[in-house]
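Here is the structure we will look at.
The values are calculated or read from the model by the stated rules, or taken from the named source; none is laboratory data. For clarity, every value in this text was computed on a predicted model and none was experimentally measured. Every residue, glycine among them, receives a Cβ derived from its backbone with ideal geometry; neighbour counts consider all protein chains shown.
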Amino acid sequence: MIRVAGNRGASGIDGLLSTAVGFAVGCNKQVLCVIGDVSFLHDTNGLAIVNQRTLRKPMTIVVINNHGGAIFSLLPLADRVEPRILNQYFHTSHNVSIRELCAAHGVMHLHVKTKLELEDTLFTSQHEEVDRVIEVESCIDANATFHSTLRKFACQAADHAMSLSLRLSVEDSTEDGALLYRVHRMEYSSFSIPLCAPPTMISVDDNETGFYREGFILTLYLEDGSVGFGEVSPLDIHRESLLDVEEQLRFLIHMMKGAQISCFLPLLKGSFSCWIRTNLGILPCTLLPSVRCGLEMAILNALATRQGSNLLGILHPRKAEGGISENSSTVQICALVDSKGTPTQVADVVAALVEEGFTAVKLKVARHGSPLHDAAVIQEIRKKVGYQIEVRADANRNWTYKEAIQFGSLVKDCDLQYIEEPVHNEGDIIKFCEESGLPVALDETIDSIREHPLHTLVKYTHPGIVAIVIKPSVIGGFENAAIIAQWAQQHRKMAVISAVFESGLGLSAYIQFSCYLNQKNSEICEMMNYALAPSIAHGLGTYRWLKEDVTTTPLKISCNPDSGSVEASVADADQVLRKFQINRNIIHGTFTGEQVCVYQLPVDSKDFSCSIKVHEIGQRYDDNVFVFLHGFLGTGEDWIAIMKAISGCARCIAIDLPGHGGTKIQNHSDNGATQDSGLSIEVVADLLCELIKHITPGKVTIVGYSMGARIALYMALRLTDKVKGAVVISGSPGLKNELERKVRRAKDDSRARFLIAHGLELFLDNWYSGELWNSLRVHPRFRQIVGSRLLHEDVQSLAKVLSALSIGRQLPLWEDLKHCNTPLLLIVGEKDRKFKTIAKDMCHEIGGGTVTGDGPPNDNSEIVEIPDCGHAAHLENPLPVISTLRRFLTRVNSLNPKPSPCNQPIEAVFDKSKLIKPEVHLEML
């Protein structure tokens, strides 16, 4: 947590630097002091205190030096008083050298001129034990202009939010005044659309025929009956497979049920990212870009339906008086052409497109020949159609720098609007701009941005970069696209929306979004006093590839008789979305959710009988079986979201471990009483082995977390006849030292007594206050997780399990690891330093397994570090865990080839006679 403090000195500005030094001493933390130049000069004696460095950590002092008191330039006074009077009596202008003042006091001084320099300097200051003054130089006039622009943007943002709220009725408010809608359910349908030709981003043989675009249609239902549709169309070239996507969609179907959607999500100012984190409990960056795009599309369309508007209307609401009709806007379309063929053949294709009404054409280059061939094509196009249309080229980073320069020298007189990504090396883009003189557009550079796009874009303010090509399904949805587009427009660059062969559903949303960006560009030009640039043709010409579509209502894109150019109408796009009906001819199947079967299964082992509560999802006859084991205080329900995500490729079973949830354990000789000292890791493992025998005749893959991880590891090492692989999440083989085990036994026994004496609620407060849970405590679902722990009814059994299954009572398994033949996946959270070290030590004992990213795993062990989470990785950041589990299952299966297909009836695999109290929880209809 960052503490923020402010101080008003004597006469407003005196003594501020000295106060900051005192604050640093008092809080004993690194302090960043941001101060104006006049305030800094009124307390230069404070530099002497800084230099003393008494009982405190280093300070960073950022001085905003605009050579005077700029506050008066922001007041109405500045418009009525002569500049001479302002400078003499109000601005208190000065020429004092801050650098020399720092030198006189022996304090480090750094002068920065750009945002990037400031960012780098601040980053360095956090890691060096030295005081420093960072001087950021400006001027009063620039300061006034900047504040004026900020005010305009702030007013625009406030008007936008107010316009959104004014569209809503009183019924839309909840009891606390929030404007929220509840999701009833979500489903998806998989589709495969035939294409007229291969997509331009893939290379195919001349004899290859039959090309398809595959993806998913999301259908989102609000509780009031409003429906929104979204498209998820991944591309393998962007490291997304249909299987990856479907896993995340299954996860979202579970998480979205009952979720609340804010009416302010269309603000696209971080609202979606915040909602994903707080409502779904996942990091926005872990959603695959195409999945996030489709989810945002479905939500925005559902909100538009709910509010009786369209997508453009909720993104850019207008006041009724004097406003332009929402449906009167159009978007110019840029055609897409492959350069395959002779220059004359390609030029003839372009000429035919111009005849249809296209005013802009993008040519794919660097694909079929040398730069000389591509340059000849461009030259021939200009000869054929003249200079009245815009010509763009797209090299997709396929040229070396030398090849790109060769192409540039040959087309420098062809008036290219821009060339996208001309060089393979991203670092050569600016160099190419300067040497070739050709205007450049960014494309793949934008695609590679996963988080904080503005941090990357700041490197590309060069005027030679004239356009940013934005593919919403590749960069992660409409919000990311809007943020990138706004940056481009503020830097006087074109923001061009580009499709990647989506269906009419996705294109209809992109048309309205493109119109929204065009309107935002007009506003930005007005606010920043820029000349309004001509209309931009957006890269939506891929519609010409669609032989069939997902919608029964065709999308109309044609030549506008008034303008004479090929355009898409917002009104037509809106009709596609309003009247959307799925074309069932191209649908392979629809997934509405999966039922969770919950039942009790009695098992016996040695001196114990157990009635185990089981949660099951997935096909019972599948040879791939996952068994999930929770940690202390958890239940099998902790795994439901993950199980639903991977149940498409495996049968998933989660159990309540003894002493937890609905599982009851009894001792044969004690007439039903729970054993005080006989329970152990070994006993629990034996009980689970008996359970597995009832579930499947084959082997299973065990997934365990914390306490469950220790059980899973024991089974993988000692009970290999039923375990073909084990996933250990934040687990340990035990304590090597007997003294450490003795101390831990005493500690856990003390905790057990505390639990019995003070109850579960106080115990949980104490339990989760430890350092191990630092990252979990700040997770948005932490309170919900703690609430689920309070549902345990048998505190006595919990206490006995805490004591009996203490790691202090478990015999260490370190020696067993040396002889491990079972594939192990060790999952640890990035912030869990303790268990990261344990995992590395385990791999060393096994024989030097690998950490993800270091190379292929060996046959027996692999460490995967889950980013941005701590000990409870599966709860804090589940999506990377899900993809890791599926990859591990694939690896285990490759090491354990399947036997011949099993034709046994289900009854032979699953003994139904063992069921008691069966119940089925229908999660989705």
>> Which count do you get for residues in the range 804-829 that are part of a helix (DSSP H, G or I) and buried (at least 21 other Cβ atoms within 10 Å of the Cβ)?
In response: 2
> Which ones in the range 258-273 are of a type outside the set (A, V, I, L, M) and in contact with a strand residue (DSSP E or B) (Cβ under 9 Å, 6 or more places away or on another chain)?
Replying inline: GLY258, GLN260, SER262, CYS263, PHE264, SER271
>> Among the residues of the range 564-587, are any under 30 Å from the mean Cα position of the chain (by Cα) and within 26 Å of ALA352 (Cα to Cα)?
In response: yes
>> For the range 678-706, which positions are in contact (Cβ under 8 Å) with a residue 40 or more places away in the chain and farther than 28 Å from VAL828 by Cα?
In response: GLY678, GLU690, HIS694, ILE695, THR696, PRO697, GLY698
> Are there any pairs, at least 6 apart or on different chains, whose C-beta atoms fall under 7 Å, with the first in the range 254-276 and of a type in the set (D, E, K, R) and the second at pLDDT 95 or above, and if so, which?
Replying inline: LYS257/VAL183; LYS257/ARG185
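Answer yes or no: is there a residue in the range 353-373 that is more than 30 Å from GLN512 (Cα to Cα), of a type in the set (Asp, Glu) and modelled with pLDDT of 95 or more.
no
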> Just wondering, is there one or more residues in the range 87-100 that are under 19 Å from VAL31 (Cα atoms) and outside any loop (DSSP other than H, G, I, E, B)?
Replying inline: no
>> I want to confirm something. Restricting to the range 189-225 and keeping residues that are of a type in the set (S, T, N, Q) and at pLDDT below 95, which single residue is nearest to ALA259 (Cα to Cα)?
In response: THR200
> In the range 77-86, what count of residues is obtained for those that are surrounded by 14 or more Cβ atoms within 10 Å (Cβ to Cβ) and under 50 Å from the mean Cα position of the chain (by Cα)?
Replying inline: 2
> Just wondering, is there one or more residues in the range 735-746 that are assigned to a loop (DSSP other than H, G, I, E, B) and under 39 Å from the mean Cα position of the chain (by Cα)?
Replying inline: yes
>> Given the criteria touching a Ser or Thr at 6+ places or on another chain (Cβ under 7 Å), at pLDDT 95 or above and more than 27 Å from ARG367 (Cβ to Cβ), does LEU517 qualify?
In response: no
> Among the residues of the range 739-790 satisfying the criterion of being basic (Lys, Arg) and more than 18 Å from GLY659 (Cα to Cα), which is surrounded by the fewest Cβ atoms within 10 Å (Cβ to Cβ)?
Replying inline: ARG783
> part of a helix (DSSP H, G or I) and of a type outside the set (Lys, Arg), is that true of GLU247?
Replying inline: yes
>> Return the residues of the range 5-39 that are in contact with an Asp or Glu (Cβ under 7 Å, 6 or more places away or on another chain) and either surrounded by fewer than 12 Cβ atoms within 10 Å (Cβ to Cβ) or in a loop (DSSP other than H, G, I, E, B) (or both); say none if nothing qualifies.
In response: GLY15
> Quick one: GLY634 ticks every box in (1) buried (at least 19 other Cβ atoms within 10 Å of the Cβ); (2) in contact with a Lys or Arg (Cβ under 9 Å, 6 or more places away or on another chain); (3) in a loop (DSSP other than H, G, I, E, B); (4) not assigned by TED's automatic domain parsing to the domain that holds ILE785 bar one, so which box is it?
Replying inline: (4)
> Can you name the residue in the range 529-557 that is under 32 Å from the mean Cα position of the chain (by Cα), hydrophobic (A, V, I, L, M, F, W, C) and part of a loop (DSSP other than H, G, I, E, B) and is also nearest to GLN490 (Cα to Cα) among such residues?
Replying inline: ILE536
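Looking at the range 172-181, which of its residues are within 14 Å of GLN307 (Cα to Cα) and modelled with pLDDT of 55 or more?
Of everything in the range 172-181, those that are within 14 Å of GLN307 (Cα to Cα) and modelled with pLDDT of 55 or more turn out to be ASP172, LEU179, LEU180, TYR181.
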>> Any residue in the range 767-792 that is in the same structural domain as ARG751 (by TED's automatic domain parsing) and hydroxyl-bearing (Ser, Thr, Tyr) sitting within a Cβ distance under 6 Å of a residue that is in a loop (DSSP other than H, G, I, E, B) and surrounded by 11 or more Cβ atoms within 10 Å (Cβ to Cβ)? List the pairs, counting only those 6 or more apart or interchain.
In response: SER775/LYS831; SER775/CYS869; SER775/GLY870
> Out of (1) touching a strand residue (DSSP E or B) at 6+ places or on another chain (Cβ under 6 Å); (2) outside any helix (DSSP H, G or I), what's the single condition that is false for LEU687?
Replying inline: (2)
>> Name the single residue that is surrounded by the most Cβ atoms within 10 Å (Cβ to Cβ) among those in the range 119-141 being out of contact with any helix residue (DSSP H, G or I) (no Cβ under 9 Å at 6 or more places or on another chain) and among the aliphatic types (A, V, I, L, M).
In response: LEU122
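For the range 516-528, what are the residues that are of a type in the set (A, V, I, L, M, F, W, C) and either more than 15 Å from VAL469 (Cα to Cα) or assigned to a loop (DSSP other than H, G, I, E, B) (or both)?
Matches in the range 516-528: ILE524, CYS525, MET527, MET528.
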> What tally of residues in the range 54-94 results from selecting those that are touching a residue at least 24 places away in the same chain (Cβ under 8 Å) and either out of contact with any strand residue (DSSP E or B) (no Cβ under 9 Å at 6 or more places or on another chain) or of a type in the set (A, V, I, L, M, F, W, C) (or both)?
Replying inline: 16
> Which number in (1) among the hydroxyl-bearing types (Ser, Thr, Tyr); (2) modelled with pLDDT under 95; (3) surrounded by 21 or more Cβ atoms within 10 Å (Cβ to Cβ) marks the one condition that SER309 misses?
Replying inline: (3)
> For the range 259-278, what are the residues that are assigned to a helix (DSSP H, G or I) and either of a type in the set (D, E, K, R) or crowded, with 18+ Cβ neighbours inside 10 Å (or both)?
Replying inline: LEU265, PRO266, LEU267, PHE272, SER273, TRP275, ILE276, ARG277
> Failed condition for THR121, given (1) out of contact with any strand residue (DSSP E or B) (no Cβ under 8 Å at 6 or more places or on another chain); (2) in a helix (DSSP H, G or I), with all others met?
Replying inline: (1)
